[in-house]
Amino acid sequence: MKCFLRKILENRVEEKSRSWLDQKVNQTENTSSNSTFFLAFSQASRFFNKEKLGLSKQEKEQADQLVPGFDPDHWNLLQTARTYLLLHFPQEKERWFAAINQLFETGDMYEQQALYAALPLMPFPEDLLPRAIDGCRTNMTLIFDAIALNNPFPANYFPEANWNQLVLKSIFMQRPLYRIQKLDERRNPALASIASDFAHERWAAGREVMPELWRLVAPFINETIMADLKKSPGILRPTGSRSRSVGLVWL
């Protein structure tokens with residue numbers, strides 16, 4: 001993964017930026033002090049901007065081969081450089097967690113974005129679960145998206161209750177549900193019920209319901225949910241010829 005990220009940066013940044021990053025990586029790997037790493041993590045914004053990576057098809061496929069579900073296509077140069085630096089920090093567990101926890105707790109919005117998006121690349125994923133769940137409490141879209149969207153970590157590690165809370169908050173924050181990995185695979189009866197209740201709350205307040213919400217209930221349709229679907233314009237419409245029965249079309 002280190003080589004992959006380095007190659008991604010190779011063709012997208014100037015030599016000055018690459019040289020600085022290589023120097024800081026060397027210092028991070030060969031010093032017993034964490035201060036050099038913390039300073040480099042912060043100073044990376046001086047050498048890398050927030051331009052999107054815009055990966056090629058081949059690069060996307062390679063990322064997924066290295067870590068299934070890893071999708072950095074929406075990453076920018078700055079968070080890629082920070083992740084590359086992070087992966088070179090010595091992975092002795094106690095020291096590693098002390099450093100990572102300090103970054104999570106003191107980092108600015110963009111530093112936290114990089115950290116949460118990099119969760120699927122970090123060691124000790126089970127131990128990082130509480131941190132990821134806690135991060136979902138944020139109301140900052142940039143940070144929430146780093147956890148919830150295009151990130152395989154929640155689908156792979158979140159218990160059902162926390163997964164359902166993440167999906168519901170994505171709906172509440174009007175985030176694109178299609179970018180939540182394994183959303184259809186992790187649909188469950190409790191989530192379908194939550195989606196239905198949320199729709200009723202929106203209707204009671206005179207508000208619209210995002211059409212994507214109904215994909216969560218598809219495997220668990222009952223009389224109540226069918227009535228909900230009939231109240232949602234465009235969700236149900238005839239399919240096939242007039243002589244055939246009416247089917248469901250999911251937007």
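The values are calculated or read from the model by the stated rules, or taken from the named source; none is laboratory data. Small disclaimer: the values here were computed from a predicted structure and weren't measured. Because the Cβ atoms are built from the backbone with ideal geometry, glycine has one as well, and the counts that use them run over all protein chains shown. Ligands, DNA and RNA are excluded from the accessible area calculation, which covers all protein heavy atoms including side chains. Shrake-Rupley method; radii C 1.70, N 1.55, O 1.52, S 1.80 Å.
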If you count only protein heavy atoms and use a 1.4 Å probe, how large is the accessible surface of Glu185, to the nearest 10 Å²?
140
Sorting Phe172, Phe37 by accessible area (1.4 Å probe), largest first, what list results?
Phe172, Phe37
How large is log10 of I(q)/I(0) for segment 95-137 at q = 0.26, 0.33 Å⁻¹ when the intensity is taken from the Debye formula with one equal scatterer per alpha-carbon?
-1.03, -1.50
What is the diffusion coefficient of segment 132-229 in µm²/s, taking the Kirkwood radius over Cα pairs and the Stokes-Einstein relation at 4 °C with a viscosity of 1.567 mPa s?
94
In segment 3-110, if every C-alpha pair distance is counted and binned at 5 Å from zero, what percent goes to each bin?
2, 11, 23, 22, 20, 15, 6, 1
How compact and how long is segment 69-199, expressed as Rg and Dmax of its alpha-carbon atoms in Å?
14.8, 48
In µm²/s, what is D for segment 74-116 at 37 °C and 0.692 mPa s, where D = kT/(6 pi eta Rh) by Stokes-Einstein and Rh is the Kirkwood radius from Cα pairs?
305
Tell me which trypsin sites (Lys or Arg not before Pro) from segment 15-97 have a DSSP coil assignment and no more than 13 other beta carbons within 10 Å of their own.
Lys50
Spin-label model distance (nm) - Phe97 vs Ala218, 7 Å beyond Cα toward Cβ:
4.0
Using a 1.4 Å probe on the protein chains only, how many percent of the accessible area of segment 1-154 belongs to carbon and sulfur?
46
In percent, what relative contact order does the chain have, based on Cα pairs under 8 Å that are 6 or more apart in sequence?
12
If you rank Tyr157, Tyr84 by how much accessible surface each has, with a 1.4 Å probe, what is the order from largest down?
Tyr157, Tyr84
How much accessible surface area, in Å² rounded to 10, belongs to the heavy atoms of Thr106 with a 1.4 Å probe?
100
Test of understanding: express the Cα radius of gyration of the chain as a ratio to 2.2 N^0.38 Å, with N the residue count.
1.20
Principal-axis tilt of helix 15-29 within the chain, Cα atoms, nearest 10 degrees
80
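Among the listed pairs Lys50/Lys93; Lys24/Lys182; Lys50/Lys169; Lys24/Lys57, which are separated by more than 32 Å between their Cα atoms? Display every interim value, and only then the final one.
Values: Lys50/Lys93 30 Å; Lys24/Lys182 36 Å; Lys50/Lys169 26 Å; Lys24/Lys57 30 Å.
Over 32 Å apart, Cα to Cα: Lys24/Lys182.
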Taking only protein heavy atoms and a 1.4 Å probe, what accessible area per residue, in Å², does segment 56-165 have with all protein chains in place?
42
Under 1.5 on a/c is rounded, so check that first for segment 131-186, then, if it is not, pick prolate when a/b is larger than b/c and oblate when it is not; a ≥ b ≥ c are the square roots of the alpha carbon gyration tensor eigenvalues.
rounded
Quick check: the angle from helix 160-172's long axis to the longest principal axis of the chain, C-alpha only, nearest 10 degrees?
80
Given R₀ = 30 Å, what would the calculated FRET efficiency be for Lys50 paired with Ala190, taking r from the Cβ atoms and rounding to 0.05?
0.20
